[in-house]
Amino acid sequence: MKIFITGGAGYIGSHTCVEFLNLDHDVVVYDNFCNSNYETLQRVESITHKTVTLVEGDIRDEDALCKAMVGCDAVIHFAGLKAVGESVEKPLEYYDNNVQGTLCLLRAMRTNNIKKLVFSSSATVYGNPQKLPLTEDHPLTTTNPYGQTKLMVEEILRDLYKSDSTWCVSILRYFNPIGAHESGLIGEDPKDMPNNLMPFIAQVAVGRRDYLSVYGDDYATPDGTGIRDYIHVVDLAQGHVKALESLVVPQYTVVNLGTGMGYSVLDMVKVFSEVSGKEIPYRIVPRREGDIASCYADPTLAKKTLGWQASRTFKQMCQDSWNFQSKNPHGLNV
Ligand code: NAD
Ligand code: UD1
């Protein structure tokens with residue numbers, strides 16, 4: 001198949017390109033590099049010994065999209081802005097990029113008669129969990145513009161499928177992706193100050209930051225710090241392969257991609273410190289606004305419908321994040 005991957009130069013996109021190229025699919029990456037770089041795609045090529053077709057462009061440019069996707073069979077849509085705090089400060093930019101951008105993409109797909117789509121959603125659409133583990137039928141709610149853009153796109157896709165049931169749509173709700181490709185050539189590489197826990201810890205370990213701020217130790221969890229369902233990015237990428245393979249008949253499907261296991265902030269500090277051999281100094285600071293105590297998936301549906309389940313351990317995730325960070329102490333943006 002020839003697969004059109006928006007945001008394919010980004011963290012999850014680049015790992016997904018590797019998985020599809022390894023299976024001998026053709027990959028067209030469409031990216032404006034607002035949060036990624038060209039070097040990552042060169043590294044994808046050196047890992048796979050395959051060539052990636054790159055079209056540099058913005059998903060809000062419908063004409064450019066239309067031309068770039070000619071001859072493709074399916075679309076995987078990663079492109080978007082993802083920083084929760086920034087979305088509160090710049091809501092219009094987030095709605096424009098994530099919602100307007102997706103509308104352009106869907107129109108371009110319709111023009112080209114491409115009706116297979118895998119979309120990156122997030123566990124953030126569950127809001128503050130009413131019960132755990134989270135199943136796909138949990139009520140949906142959001143607390144910030146970023147989450148709202150994910151929910152809006154899910155609803156747009158549901159309406160699109162209702163209006164034309166020849167579409168094949170798979171919505172993947174990711175839990176917390178961490179880790180990196182085993183080569184250490186590609187991984188999570190934030191351009192600015194990391195917002196998420198793993199890249200922050202990795203930068204403390206490599207000496208770029210002095211200490212980790214732990215956002216609260218008074219949650220109703222065993223050690224008082226927040227619990228999340230961390231998933232290895234390569235497992236996640238393989239979930240996209242399974243999702244696309246499952247789109248052989250028209251459908252609108254929503255599945256969680258998580259492990260079903262929860263680890264706390266202090267669990268990560270401990271395991272990361274063990275695998276890296278580095279001390280991770282930390283300070284307990286007040287809770288981060290909008291944070292929840294615990295969040296983890298019920299991954300049963302993904303196993304049943306996609307034949308997919310995560311296989312890499314939490315320790316492996318920490319080892320692979322450290323492998324990437326220690327081989328690229330200043331990231332790929334230097
Ligand atoms: P990322 O920022 O590393 O990758 C996103 C890519 O999209 C980047 O290469 C960026 O340059 C590109 N992009 C952004 N806006 C664009 C536009 N207008 N036109 C063209 N390209 C554009 O992020 P990621 O972590 O790989 O996330 C991929 C997707 O998964 C996003 O939609 C994100 O919201 C979603 N998601 C991520 C996480 C996570 O924790 N990483 C969790 C849940 C969902
Ligand atoms: C964040 C986003 C969420 C998004 C998810 C995956 C917020 C409020 N939520 O969620 O919408 O879907 O990433 O990209 O940003 N922590 C620290 N110190 C840090 C960073 C994090 O203690 O410097 C703690 C947090 O309080 C939390 C845990 O680590 O308990 C994980 O945080 P993070 O990696 O930001 O992910 P989420 O909070 O799940």
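Across the range 136-147, the number of residues qualifying as touching a residue at least 60 places away in the same chain (Cβ under 8 Å) and either touching a Lys or Arg at 6+ places or on another chain (Cβ under 9 Å) or open to solvent by 30 Å² or more (accessible area, probe 1.4 Å) (or both) comes to 3. Figure legend. Inter-residue proximity from the range 283-300: first residues outside any loop (DSSP other than H, G, I, E, B), second residues open to solvent by 40 Å² or more (accessible area, probe 1.4 Å) and of a type in the set (Asp, Glu), beta-carbon distance below 6 Å, spacing 6+ or different chains. Indicated pairs: ILE284/ASP217.
Number of residues in the range 283-316 that are away from ligand 2 (no atom under 16 Å from the Cβ) and open to solvent by less than 60 Å² (accessible area, probe 1.4 Å): the value is 7.
Against the test of being out of contact with any Lys or Arg (no Cβ under 6 Å at 6 or more places or on another chain) and more than 13 Å from ligand 1 (Cβ to nearest atom), the options ILE231, ILE201 yield a single qualifying residue, ILE201.
Every residue, every condition in (1) buried (at least 20 other Cβ atoms within 10 Å of the Cβ); (2) within 19 Å of the chain's Cα centre (by Cα), yes or no:
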site	(1), (2)
ASN22	no, no
ASP26	no, no
ASP31	yes, yes
GLN42	no, no
ARG60	no, no
CYS72	yes, no
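Among residues of the range 269-282 being outside any helix (DSSP H, G or I) and open to solvent by 100 Å² or more (accessible area, probe 1.4 Å), the one that is nearest to ligand 2 (Cβ to nearest atom) is TYR282.
The residues of the range 317-334 include none that are in contact with a Lys or Arg (Cβ under 6 Å, 6 or more places away or on another chain) and buried (at least 16 other Cβ atoms within 10 Å of the Cβ). Could you check the range 225-235 and list, in sequence order, the residues that are crowded, with 23+ Cβ neighbours inside 10 Å and in a helix (DSSP H, G or I)? Residues satisfying the conditions are VAL233, VAL234.
The set of residues in the range 236-261 that are assigned to a loop (DSSP other than H, G, I, E, B) and more than 16 Å from ligand 1 (Cβ to nearest atom) comprises SER246, LEU247, VAL248, VAL249, PRO250, GLY260, MET261.
Of all the numbered requirements in (1) in contact with a Lys or Arg (Cβ under 9 Å, 6 or more places away or on another chain); (2) within 16 Å of ligand 2 (Cβ to nearest atom), ILE12 misses one, and that requirement is (1). Here no strands (runs of 3 or more DSSP E) wholly within the range 1-65 include at least 1 residues being touching a residue at least 40 places away in the same chain (Cβ under 8 Å), more than 23 Å from ASN97 (Cβ to Cβ) and within 14 Å of ligand 1 (Cβ to nearest atom).
Checked against the criterion of being in contact with a Gly (Cβ under 8 Å, 6 or more places away or on another chain) and β-branched (Val, Ile, Thr), the candidates VAL271, VAL265, VAL275 yield just one match: VAL265. Within the range 205-229, residues that are free of Cβ contacts under 8 Å to residues at least 60 places away in the same chain reach partners that are assigned to a loop (DSSP other than H, G, I, E, B) and crowded, with 19+ Cβ neighbours inside 10 Å with beta carbons closer than 8 Å, at six or more positions or on different chains, in the pairs THR225/TYR219.
The values are calculated or read from the model by the stated rules, or taken from the named source; none is laboratory data. Source: prediction; values computed, not measured. Virtual Cβ from ideal backbone geometry, glycine too; neighbours counted across all protein chains shown. Just so you know, the surface numbers come from the protein's heavy atoms only, side chains and all, with ligands and any DNA or RNA stripped out. Shrake-Rupley method; radii C 1.70, N 1.55, O 1.52, S 1.80 Å.
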